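Okay, structure first, notes after.
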Amino acid sequence: MRGAVALLVLLFCLSGAWTQEESEGVRENDVTQQGHSAGRESRMREVQIESRGTEAKAMTNECMTTQPDIWYEMQKLRDIVMEQREKLRTMEARVTACEGEVEKQKNTVMDLRIELIVTKTKVVELEKETAALETRLTVSESELTNIKNEVQELKRQNTDRPKVAFSAAGLKGNGNIGPFNTDTNLVYTRVITNIGKAYSPITGAFTAPVRGVYYFRFTAGQHGRSSDYMGISMLKNGQAVMSNFHYNSHGYWVPLSNGVSLELEEGDVVYMRLPANYRLHDNTSNPNIFSGFLLFTV
């Protein structure tokens with residue numbers, strides 16, 4: 001702003017000097033052509049000319065004095081312009097760098113958005129899987145609870161259920177048993193197992209303590225003479241359940257064995273019998289054994 005004002009002042013000063021010089025030259029020519037005029041008008045004109053010449057010189061001196069200040073201002077303006085241009089170039093470089101960084105950040109933001117979308121999709125899938133697993137877990141917990149209850153019930157039933165099992169041997173220490181003229185009940189005196197105390201080694205009979213299904217088994221042996229018959233029967237409440245017979249043609253050991261499941265009422269009796277005219281052989285090796293146990297109550 002200051003530079004523009006100084007330039008206008010300089011032009012104004014120069015224009016005024018040029019105008020005064022032209023006016024002075026014209027008036028001098030008029031004086032020469034007209035000659036010497038009458039006293040007062042000529043003197044007045046000369047005074048005016050001198051006065052204007054003095055003013056023109058003063059204005060010229062003032063303009064000459066002002067001119068160095070204008071050039072200084074213009075130099076300062078140029079320096080300012082150069083400085084601003086340098087700053088502008090620096091700003092342009094920074095703007096370019098910022099634009100590159102902005103573009104890079106845009107790409108990064110785009111990548112992050114894509115990753116966020118993928119992550120959200122995975123989260124949705126995981127939530128679905130979690131919900132399914134929670135459902136399965138709930139079902140499994142319910143099933144586990146039912147199984148625990150069943151186990152507890154079975155334990156309770158097993159605890160409450162009577163435990164019945166027996167095995168007995170020892171018809172005779174060592175030797176033949178029979179033959180007798182009549183059927184003879186067998187008494188196994190050597191008790192091996194008698195849980196529940198349902199077998200009597202005195203009578204040789206098993207008495208059912210509870211209503212249920214029982215399994216009974218026996219083994220029998222014959223030895224010592226050829227042409228001998230061996231046989232044995234199982235009875236329930238006096239009625240034969242099964243009978244087994246064999247003929248010994250060689251005189252060596254001949255074994256018999258069998259088993260059966262019986263449904264018994266509480267108090268039913270099961271025992272073994274040697275039929276008339278048949279014999280067995282016994283020793284300390286226990287070839288003759290009578291066994292039974294409770295399968296389950298009914």
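Residues in segment 119-177 that are closer than 27 Å to GLY267 by Cβ and at pLDDT 90 or above: LYS163, VAL164, ALA165, PHE166, SER167, ALA168, ALA169. In segment 194-209, which residues are farther than 14 Å from ASP268 by Cβ and either among the hydrophobic types (A, V, I, L, M, F, W, C) or not in a loop (DSSP other than H, G, I, E, B) (or both)? Once the filter is applied, which keeps residues that are farther than 14 Å from ASP268 by Cβ and either among the hydrophobic types (A, V, I, L, M, F, W, C) or not in a loop (DSSP other than H, G, I, E, B) (or both), segment 194-209 yields ASN194, ILE195, ILE202. Here THR145 meets the list (1) assigned by TED's automatic domain parsing to the domain that holds PRO255; (2) at negative phi almost entirely, failing just condition (1). All but one of (1) in contact (Cβ under 8 Å) with a residue 40 or more places away in the chain; (2) at positive phi hold for ASP183, so report the exception by its number. (2) is the only condition that ASP183 fails.
Meeting the requirement of 2 or more residues that are surrounded by fewer than 18 Cβ atoms within 10 Å (Cβ to Cβ) and not aromatic (Phe, Trp, Tyr), the strands (runs of 3 or more DSSP E) wholly within segment 226-298 are 239-248, 254-264, 289-297.
The values are calculated or read from the model by the stated rules, or taken from the named source; none is laboratory data. Source: prediction; values computed, not measured. So basically every Cβ, Gly included, is an ideal-geometry build from the backbone, and we count neighbours across all protein chains shown.
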